[in-house]
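Contents: one structure, followed by commentary.
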Amino acid sequence: MSRMAATFTQLKAQGRKALIPFVTAGFPFADITPELMHALVAGGADVIELGVPFSDPSADGPVIQNAGDKALAFGIGMTQVLDMVRVFREQNQTTPVVLMGYANPVERYNQVHAAPKTEATHAINTRATSPFVRDAAAAGVDGVLVVDYPPEECEDFAAELKSHGLDLIFLLAPTSTDERMQQVARIASGYVYYVSLKGVTGSGALDTGAVEAMLPRIRAHVQCPVGVGFGIRDAATAKAIGRVADAVVIGSKIIQLIDNQPRDQVAATAQTFLREIRTALDS
């Protein structure tokens, strides 16, 4: 059983909901991410979403965009993100890690790290494992959420990930049709991320009633756990969402809290905040 499946199975048996914090790799300091990830686990994280910095993020609001820009200025790319996961895995072999980002860094990584083609490899009509999937699996990544990979165009990618023990996670939104949910259900694994707002991360006020009404529609098609994110900023909203969802995802608020903190306070600040959310979810 994969780390992801084991985590959700254990939580379900305990009657608890998954807490999934998001942080941008390489923010607010280039070398702090593994330490921050351990602090999130100490604060009660069940799964960690690690944002891969990208210059043109379509789903991220200004808070996470700013974090990504700072990380890019530090020279953080996919290679460095995978190194961070490797360092985290030296001390933690149980907490699932999901890379969340966009197609460009994945495809650029594949271009840079692709093996040179030879006549022999060209003659063998087989699809080799992509460098990204190979290296993500080796680093200890458990899942991938690529915002701009639509389900109808990445069945091969999903199969390749699955063959290496990785889950492909998809977003669903308030505007998602039943047809889109069915498309996602065919290839999604790990969990599905329901975007609770019509907008970008960190925007708008969360309508818990609308989320509660939407989840039965999603579950009619999707068999894997359903996490809810975008707009969850405090213990009260997390608790309300936790009543109806399988997982609560929280990102922009964490990024805001750790921005401009002294280096020695970043991990402690994130851990204290997440502990409040964990306590509310478990109450």
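Where a number appears in this text, it was derived from the coordinates with a stated rule and is not lab data. On a predicted model such as this, the values are computed, not experimentally measured, just so you know. Cβ: placed from backbone, ideal geometry, glycine included. Neighbour counts: every protein chain shown.
Computed from the C-beta positions of Glu179 and Asp207 and an R0 of 30 Å, the FRET efficiency is 0.80 to the nearest 0.05. Summarising the label geometry, the points placed 7 Å from Cα in the beta-carbon direction at Ala138 and Gln256 lie 4.1 nm from one another.
Annotation: amide H of Met100 within the under-5 Å range of Leu50, Gly51, Val52, Leu145, sequence separation 5 or more or interchain, hydrogens built in the peptide plane. For region 146-167 and region 2-61, what is the separation of their Cα centres, given in Å? So the two Cα centres are separated by 20 Å. The length gained on full extension between Ala128 and Thr79, counted as 0.36 nm times the residue separation minus their Cα-Cα distance, comes to 15.6 nm. Amide H contacts of Leu172: Tyr193, Tyr194, Val195, each under 5 Å away and 5 or more positions distant or on a separate chain (H built 1.01 Å from N in the peptide plane; Pro and chain starts excluded). The simple spin-label model puts a point 7 Å past each Cα toward its Cβ; for Ala159 and Asp264 those points are separated by 5.5 nm. The modelled label-to-label distance for the pair Arg186/Ala220, using points 7 Å beyond Cα in the direction of Cβ, is 2.0 nm. Based on the Kirkwood approach, the hydrodynamic radius assigned to region 222-283 is 12.4 Å, with every pair of different Cα atoms included. Distance distribution P(r), the chain, all Cα-Cα pairs, bin width 5 angstrom from 0: 1, 6, 13, 17, 20, 18, 13, 7, 3, 1, 1, 0, 0 percent. Annotation: extensible slack from Thr9 through Arg86 equals 25.2 nm (criterion: 0.36 nm per residue apart, minus Cα-Cα distance). When peptides 45-57, 1-13 are sorted by average Cβ neighbour count within 10 Å, with the highest value leading, the order is 45-57, 1-13.
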